[in-house]
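Shown next, in structure tokens, is the structure this report addresses.
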Amino acid sequence: MSHFETLKGLMADVQALDSAIALLDWDQQTYMPRGGAEARANHLEALSKMRHELFTSEAVQNAIANARPESEDEQALIRVIRRDLDLATKLPTELVARKTKLSAVAHEEWVRARSANDFASFSPTLEKMFDICKEEAECLGYTDHIYDALTDQYEEGATAADWRAMFEAIKGPQVELVKAIQERGPVDDSCLYGEWDRAKQSAFTEKLVTAIGFDFNRGRQDTAPHPFCTGWSVGDIRLTTRYKPYIGSAIFGSLHEAGHGMYEQGSPAAWDLTSLAGGVSLGLHESQSRTWENIVGRSKAFWSYFLPDLQKSFPELGQLTLDEFYKLINKVEPSLIRVEADELTYNLHVMVRFEIECDVLSEKLAVKDMPEAWNAKYEQYLGIRPGTDSEGCLQDVHWSMGSIGYFPTYSMGNILSYQIWNALSRDVKDPFDKIANGDFAPILGWLQENMYSKGKKYTPKELVQRMTGESINPKYYLEGLEAKYREIYF
Ligand code: ZN
């Protein structure tokens, strides 16, 4: 057997463990009774350990050192495995174990501190977490900014300088546009809140995601407190959604996760169960969830087609005209909580987090002074100030888990969604006319051909270049938002 075949065999075993971990995790977030938590944590720890040992074993390292790829795809596969292996072996096991242990403690403390609005008690542990992440960055290596090493784990090739340039470009225009919309006065969307029937919401959201192209023969939708998408092969991709008093929670949650899901379902079957299958990075993944949620799902064309169906399922909404409904689902309002933010203010929340992460890592800001820095930035960018730290710097789980360098990928997704849509619109004529007729196939077809079918074959930066003819450019995002919201509000 060639070294390449040996490597493929070993990686298939790694993938099997990954699938078992993902399945246990999916079950934990959807159906597992609370009593299962302790045993589940033990099972996940044991499987993760086995996975790490197998992946970093001498057998894998030998096979990859000697493998002779014979095609472009095989070369790409080797590149992807090598990068993953590099990340997995650069961090000493002792450091990984120490971080895992601190994460468990920090998570508990964060939950308590958030509910008690007590940042001071959490601050020393958070400081330790930032210190561990700094150690991690030193092991991973970087040339320019310490942030680069951390963010590269989530978005290959991205640097603090990239993120800074991205936020610099959008900061001014976005803050201005939000202010101008604020001056138009509040929008009352209370009619979108109610006790909506769950079975009807489930049926309606399944109808939507089927229409846009999510394949239920190769996936399903369940409910989870925090919606997510996962999967273990191109033939089995799982979506989750949630039912809340705001009817948009289920609708836009489902469309968002279906965007992730269709990207995963679009990998070539021949690459299934290899490291080439699946979305290439967090930022590019988010560009697809945002495309289907916001550009398609929050468009007037989409609702000109689906509003009658929605009103049939929920007659309480029967009095709304298309224009009214369209404005309500695109309500802009600066708020304190990122996960509830609208399309327009969302990136401002991310920018606050990015700036704070950079300042703490480069020791310009002490962790204990984080609340004041946070509140001042909210005031500056969003015009509102959190009344408590629970509504401020304690709201997100990421830092307690040591996920530092992760947040900017959300904004990258928002920005890329418009850039990719612009490229798509050059080939697919009048995409919104097609949407208004319920015809999503040309849109999904373009994304499938130019993006989903490429899996992880190209690096994220190469893929953006191939798809759009340039590197990430916030221009399309700014123009798109400007056009959309001026039409709605002015
Ligand atoms: Zn997402």
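Derivation of every value follows stated rules applied to the coordinates shown; laboratory data play no part. Because the structure is a prediction, the values reported are computed rather than measured. Positions of Cβ are backbone-derived with ideal geometry, glycine not excepted, and every protein chain shown enters the neighbour counts.
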What's the local net charge at Trp110, with K and R +1, D and E -1, over the other residues with C-beta under 12 Å away?
-3
Label segment 3-141 by shape, choosing from rounded, prolate and oblate, from the square roots a ≥ b ≥ c of the eigenvalues of the Cα gyration tensor; if a/c is under 1.5 it is rounded, and otherwise prolate applies when a/b is larger than b/c, oblate when it is not.
oblate
If you filter segment 425-490 for GluC sites (Glu not before Pro), then keep DSSP loop positions with at most 12 other Cβ within 10 Å, what is left?
Glu470
Amide H to amide H under 5 Å from Thr241: which residues, 5+ apart in sequence or cross-chain, H placed 1.01 Å off N in plane?
Asp222, Thr223, Ala224
Which loop GluC sites (Glu not before Pro) in segment 177-225, with loop taken from DSSP, have no more than 11 other Cβ atoms within 10 angstrom of their Cβ?
Glu183, Glu195
Given the C-alpha centroids of segment 256-305 and segment 41-76, what is the distance between them in whole angstrom?
27
Sort segment 2-49 into rounded, prolate or oblate with this rule: let a ≥ b ≥ c be the square roots of the eigenvalues of the Cα gyration tensor; rounded if a/c is under 1.5, and if a/c is not under 1.5, prolate when a/b is larger than b/c, oblate otherwise.
prolate
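Local charge sum around Lys434 (other residues, Cβ-Cβ under 15 Å, Lys/Arg +1, Asp/Glu -1)?
With Lys, Arg at +1 and Asp, Glu at -1, the net is -1.
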Could you tell me which of rounded, prolate or oblate describes segment 220-370, using a ≥ b ≥ c as the square roots of the eigenvalues of the alpha-carbon gyration tensor, with rounded for a/c under 1.5 and, failing that, prolate when a/b is larger than b/c and oblate otherwise?
oblate
Residue-count net charge about Asp144 - beta-carbon cut-off 12 Å; Lys, Arg +1, Asp, Glu -1:
-2
For the chain, what does the equivalent ellipsoid look like in terms of its semi-axes, each the square root of 5 times an eigenvalue of the Cα gyration tensor, given largest first in whole Å?
35, 29, 23
With both partners inside the chain, how many of the DSSP beta bridges are antiparallel, as a percent to the nearest 5?
50
